[in-house]
Amino acid sequence: MEKSPNEEEEKLEIFEVPSQCLPEKSNLKGDWLNFFLLILLYTIQGLPLGLAIALPIIFQSKKIVTYKEQAFFSLVAWPYSIKILWAPIVDSLYVQWIGRRKSWLIFVQFLMGVVLLYTAINIDEWLPDSEIPNLKALVFTFCVISFLAATQDIVVDGWALTMLKKNNVGHASTCNGTGLALGVLIGTICPVLLTSEDFCNKYLRMTVSSGGIITLKGFLYFWSFIIMLITTFIGIFKREMDYRLEEGHVKINVFKSYKLLWKILKLPNIRVLAIALLTMKIGFSATDSVSKLKLIDAGVSKDDIMIITISMYIVKFIVPIVVLKYTSGTKPMSAYLNLMPIRLLWSIAYVVLIYYTPILINNNGVVNVPTYYYLILVFISIIHEILAYTMYLFTLGFFSRISDSRFGGTYMTMLSTIASFGWVVSNTLALRMIDVLTFSKCSNDDGNNCSTIDLKNICKRKGGDCNIIINGYYVEVALCMTIGFVWYFLYKKTIKNLQTKNLSNWQVNLNRLERGKNEES
């Protein structure tokens, strides 16, 4: 049967691209400075993420917010999930003499420093020591900071595709993973541990003193100035290659960038991949977003949780090196799929540990955490972190390989934000549903269901205790695991097939865009 002209045109639009092969074997000789610069830039991006992790732990330790309010604060992660809305602007508008990526990087990081400075000035008022925090102010401000960090991510993801040599592009995921890990580590240690009086007196001081060795205000002041200083040095000393010399470079305006984005989203492979990315994290959401908070509820101190969390960053620094040959290889998603059932089943380890924690750490009503409990918790955490972070790096490696460097910022951002959107929605819903699925009752007042902080305080004032009848955490983990295994069996073959596609299957031909522009003229 003869094909219609429209069918032929669509075929050309999708597959008529320059012939490309997968990159040659990587070799970082001559690329080490760029490699470490990318790690530094991703570290700056990780600081706001670390703060977004630290604050919920501080809230939970003070027992001043509900899981519903924790879900509200989790909205600060959402800018990462909608950054695709402004990625084409970042890819298309720039000052040519400064550089395609550099002109945005300088502006965004300076602004990030200014907003951190403003946050430092007001943080004591928004987050008092013993009163309910101003969640609205905190959420708004950190949403702005996350918006700036997400924009910086667009810039750096795109720059990485051209800053590194073509055969080293697979190392972009290593820079991303290592830099983000370091930034998040700094952003969590300082606000939680170094501001803690108990931790500092126990581990860092020779004599007992009040307060931590730093304050959250001082930490924010320091990093606001450091970020602006680093940005100044990059602006002066780092030269960006002329975008017109980039291989396969195409100059397109903002309107055509959005049109291009739509064309990319219409590619059959992208549509299939997008559905998979939006749903692939549901199976892990309860374990990832709620487990640490439940350990704090069970009696483990926030300082101990953070010490263990910090130790996990040793794993995050080592994992990218160990899995380097897989992330820069041709089939990173096969390795991802091999680990998925193990990670889903490992959720059971957290469930068992949290269930027995009150029994193991309480001695006649006094919290006394034995050494063997820490060993068990550290072991469970290490295995979980290895699985989670390795799978994350495999995903980044896959994105780097299929992204078109002609508009890398938009393409990489599209893929990463689709995956991120699925993650943040799953985690927000997981936090929100804990209170819904949990059923409690005051021991001396059957009419009090202890569903809010005020009702819990009323029960306590009357001499009662809030007894949990059904723990929503256990119900939620079971539901998420079931969904996770259903996803695995539905998408296993599909994902393996997608990673074997030629690069031309992930690209669009711009000839039709040009023809459309000429017709409009």
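The values are calculated or read from the model by the stated rules, or taken from the named source; none is laboratory data. It should be emphasised that the depicted structure is a prediction, and the values quoted were computed from it without experimental measurement. Here the Cβ is made from the backbone with ideal geometry for all residues, glycine too, and neighbour counts use every protein chain on show. Please note that ligands, DNA and RNA were not included when accessible areas were found on the heavy atoms of the full protein model with its side chains. Shrake-Rupley method; radii C 1.70, N 1.55, O 1.52, S 1.80 Å.
Points to keep in mind about this one:
- Exactly one residue out of 157, 153 is buried (at least 16 other Cβ atoms within 10 Å of the Cβ), at pLDDT 85 or above and of a type in the set (D, E, K, R): that is 153.
- Qualifying residue in the stretch 71-90 (condition: surrounded by fewer than 17 Cβ atoms within 10 Å (Cβ to Cβ), at pLDDT 85 or above and among the small types (Gly, Ala, Ser)): no
- Scoring residue 107 on the criteria (1) out of contact with any Phe, Trp or Tyr (no Cβ under 9 Å at 6 or more places or on another chain); (2) in contact (Cβ under 8 Å) with a residue 12 or more places away in the chain; (3) not in a loop (DSSP other than H, G, I, E, B) leaves a single failure, condition (2).
- Output for the stretch 95-116, where each listed residue is modelled with pLDDT under 85, buried (at least 20 other Cβ atoms within 10 Å of the Cβ) and of a type outside the set (Gly, Ala, Ser): 100, 101
- Counting only residues that are over 25 Å from residue 107 (Cβ atoms) and open to solvent by 100 Å² or more (accessible area, probe 1.4 Å), the stretch 124-149 holds 6 of them.
- Sole residue being open to solvent by 30 Å² or more (accessible area, probe 1.4 Å), in contact (Cβ under 8 Å) with a residue 60 or more places away in the chain and within 24 Å of residue 337 (Cα to Cα), chosen from 485, 489: 485
- Among the residues listed as 393, 437, the single one being of a type outside the set (Gly, Ala, Ser) and either open to solvent by 50 Å² or more (accessible area, probe 1.4 Å) or within 19 Å of the chain's Cα centre (by Cα) (or both): 393
This table checks each residue for (1) in contact with a Lys or Arg (Cβ under 7 Å, 6 or more places away or on another chain); (2) open to solvent by 20 Å² or more (accessible area, probe 1.4 Å); (3) in a helix (DSSP H, G or I).
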residue	(1), (2), (3)
201	no, yes, yes
208	no, yes, no
211	no, yes, no
227	no, no, yes
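- For the stretch 239-271, the tally of residues that are surrounded by 15 or more Cβ atoms within 10 Å (Cβ to Cβ), at pLDDT 65 or above, out of contact with any Pro (no Cβ under 7 Å at 6 or more places or on another chain) and hydrophobic (A, V, I, L, M, F, W, C) stands at 4.
- From the list 352, 315, 300, 319, the one residue that fits, being in a helix (DSSP H, G or I) and crowded, with 20+ Cβ neighbours inside 10 Å, is 319.
- Test for residue 453: is it modelled with pLDDT under 85, closer than 23 Å to residue 286 by Cα and aliphatic (A, V, I, L, M): yes
- None of 146, 103, 173 is small (Gly, Ala, Ser) and farther than 18 Å from residue 227 by Cβ except 173.
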